[in-house]
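Data block below; observations after.
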Amino acid sequence: MNKPPEPELRESFAPARAGERTVYGRRVLWAFIAVVVIAALAFWIYGRTASSPAAPAAGTPAAKGRGGRGGGADASRPIPVVAATAGKGDINIYLDGLGTVTPVRTVTIKTRVDGELVKVLFREGQIVKAGDLLAEIDPRPYQVQLTQMEGQLARDQALLANARLDLQRYQTLLEQDSIARQQLDTQQSLVHQYEGTVEMDRGQVDNAKLQLTYSRITAPVSGRIGLRQVDQGNIVHASDSTGLAVITQLQPITVIFTVPQDSLPAVMKQYVAGTQLAVDAYDRAFQTKLASGTLLSPDNQVDTTTGTVKMKAQFPNEENALFPNQFVNTRMRVDTRRDQTLIPSAAVQRGAQGLFVYVVKPDNTVTVRTVKTSATEGGNAAIDEGVAPGELVVIDGMDRLREGASVDVSSSGGRGTAAGAGSGPGRSGRGAQKGTADRTGASDHTGPRGAGGGAGQNGMQGAGGGAAQSGTPGAGRQ
């Protein structure tokens with residue numbers, strides 16, 4: 001059997017080999033393109049990395065500063081802060097309380113006789129004085145009654161006069177021995193009887209006059225009269241449960257407030273010594289002072305349910321700023337401490353070791369000082385230990401401070417002394433002490449706003465929330 005010629009077999013596989021070469025070429029082309037793209041991308045990334053500064057090592061001061069407000073700022077730069085100078089001065093010790101305005105006298109105007117209300121002579125809300133005529137009851141029935149009593153009195157007085165004349169005649173006849181002694185004694189008893197009747201008639205006349213007087217209703221006290229309860233034309237009775245109106249005395253007026261029983265010894269020491277303790281009344285928000293007065297008297301017992309003692313203070317209330325049953329905050333000054341070291345309350349911070357401040361040294365670095373406070377007033381804190389007068393303490397910008405940090409002390413409103421800073425109506429015991437006691441420990445919410453609203457205005461006010469928002473010394477911002 002003859003074999004097919006060899007050249008024809010090779011020609012049948014030629015098209016297949018040509019297709020394989022085409023596919024292989026395409027793959028090589030795509031691979032080359034991919035390599036070029038990757039190389040270009042790597043070159044671009046390398047260029048970006050080379051142009052940016054190297055990242056600081058973990059744990060270095062620059063790395064710690066990244067979390068603060070400065071971002072990638074150089075750690076060697078001084079940290080801008082606001083500072084104030086500790087000074088010497090007096091500080092008042094106050095007791096704050098919650099109170100209610102209570103009028104000295106509240107009088108319900110009622111009628112004392114029955115009859116028709118014919119006149120109403122007051123306006124609702126009017127300020128009246130004691131003795132002013134307020135209303136009138138129909139007086140005619142009582143005028144008639146008075147006329148009757150006066151007529152009866154006149155008749156009995158005539159009978160008494162006649163009986164006295166007869167008594168004189170009987171005495172003359174008895175001397176002449178013309179009548180018996182018994183007849184004289186009878187006539188004398190009749191005279192005494194008429195005298196008693198006349199006295200009774202006089203009493204009835206006075207009672208009728210009194211009833212007629214009661215028909216005119218006058219104000220028993222001075223004060224503000226409330227809303228009218230009965231309209232003109234109604235029949236009123238002395239037994240009615242509701243009166244015509246209510247008068248509340250406004251000047252003077254009192255406030256009843258409470259203080260903790262632990263503060264009672266300090267109050268009683270001044271009260272027994274005869275010292276007049278000043279009391280100020282503030283509005284509900286403790287922002288506006290409404291009136292000033294003095295302590296009138298403490299209560300005689302402690303409320304066992306609340307552990308507080310009631311106090312009553314009296315206010316002249318000349319401007320009618322206090323209104324009956326109004327809720328007020330009270331501040332009572334119980335003592336004044338002299339020659340105290342004073343710093344702004346915003347400077348006092350709380351950390352793991354307790355209360356501390358940042359003190360600026362002469363080389364413009366800060367050091368941490370543990371302090372002891374005794375009292376606060378109007379944005380100032382009295383320091384018993386830890387700060388000397390004349391030293392600079394940081395009041396704003398302490399969020400990134402640590403021991404030995406370099407600082408740049410701002411000269412705008414920062415170097416005033418604490419004793420000369422604004423006092424304002426700040427609450428004693430509710431400033432830095434409140435802020436530090438509520439949120440202790442290191443905080444992630446540190447920053448210049450930790451000084452509250454004080455550093456931007458007078459360097460003092462608003463220290464209540466500021467001290468609580470700083471971290472422990474040297475911790476910086478975690």
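The values are calculated or read from the model by the stated rules, or taken from the named source; none is laboratory data. Since this is a predicted model, take the numbers as computed values, not measurements. Here the Cβ positions follow ideal geometry from the backbone for every residue, glycine too, while neighbour counts run over all protein chains shown.
Would a scan of segment 332-342 turn up a residue that is touching a residue at least 12 places away in the same chain (Cβ under 8 Å), of a type in the set (Ser, Thr, Tyr) and within 27 Å of residue 397 (Cβ to Cβ)?
Looking for residues that are touching a residue at least 12 places away in the same chain (Cβ under 8 Å), of a type in the set (Ser, Thr, Tyr) and within 27 Å of residue 397 (Cβ to Cβ), one finds at least one in segment 332-342, hence yes.
Of everything in segment 204-216, what is among the basic types (Lys, Arg) and not in a helix (DSSP H, G or I)? Give them in sequence order.
Once the filter is applied, which keeps residues that are among the basic types (Lys, Arg) and not in a helix (DSSP H, G or I), segment 204-216 yields only 216.
Looking at segment 267-279, can you tell me whether even one residue there is surrounded by 12 or more Cβ atoms within 10 Å (Cβ to Cβ), touching a residue at least 24 places away in the same chain (Cβ under 8 Å), within 16 Å of residue 101 (Cβ to Cβ) and in contact with a Leu (Cβ under 7 Å, 6 or more places away or on another chain)?
Yes, there is a match, as at least one residue in segment 267-279 is surrounded by 12 or more Cβ atoms within 10 Å (Cβ to Cβ), touching a residue at least 24 places away in the same chain (Cβ under 8 Å), within 16 Å of residue 101 (Cβ to Cβ) and in contact with a Leu (Cβ under 7 Å, 6 or more places away or on another chain).
Under 8 Å between Cβ atoms, at least 6 apart or on separate chains: pull out the pairs that start in segment 98-124 with a residue that is without any contact (Cβ under 8 Å) to a residue 60 or more places away in the chain and end on any residue that is part of a strand (DSSP E or B) and loosely packed, with under 14 Cβ neighbours inside 10 Å.
121/133
From the list 363, 384, 339, which one is over 26 Å from residue 409 (Cβ atoms) and charged (D, E, K, R)?
Exactly one residue qualifies, and that residue is 339.
Condition first: at positive phi and part of a loop (DSSP other than H, G, I, E, B). Now tell me which residues in segment 90-137 satisfy that.
Scanning segment 90-137 gives 125, 131.
Name the residue, out of 88, 129, 119, that is under 30 Å from residue 256 (Cβ atoms), surrounded by fewer than 18 Cβ atoms within 10 Å (Cβ to Cβ) and either of a type in the set (Lys, Arg) or not assigned by TED's automatic domain parsing to the domain that holds residue 204 (or both).
The unique qualifying residue is 129.
Considering every residue within segment 295-307, establish whether at least one is within 30 Å of residue 88 (Cβ to Cβ) and surrounded by fewer than 19 Cβ atoms within 10 Å (Cβ to Cβ).
no
Tell me, which strands (runs of 3 or more DSSP E) lie completely within segment 217-278 with 1 or more residues that are more than 26 Å from the chain's Cα centre (by Cα)?
In segment 217-278, 223-225, 245-248 are the strands (runs of 3 or more DSSP E) which contain 1 or more residues that are more than 26 Å from the chain's Cα centre (by Cα).
Taking segment 326-335 only, how many residues are farther than 13 Å from residue 284 by Cα and either within 13 Å of the chain's Cα centre (by Cα) or in a loop (DSSP other than H, G, I, E, B) (or both)?
1
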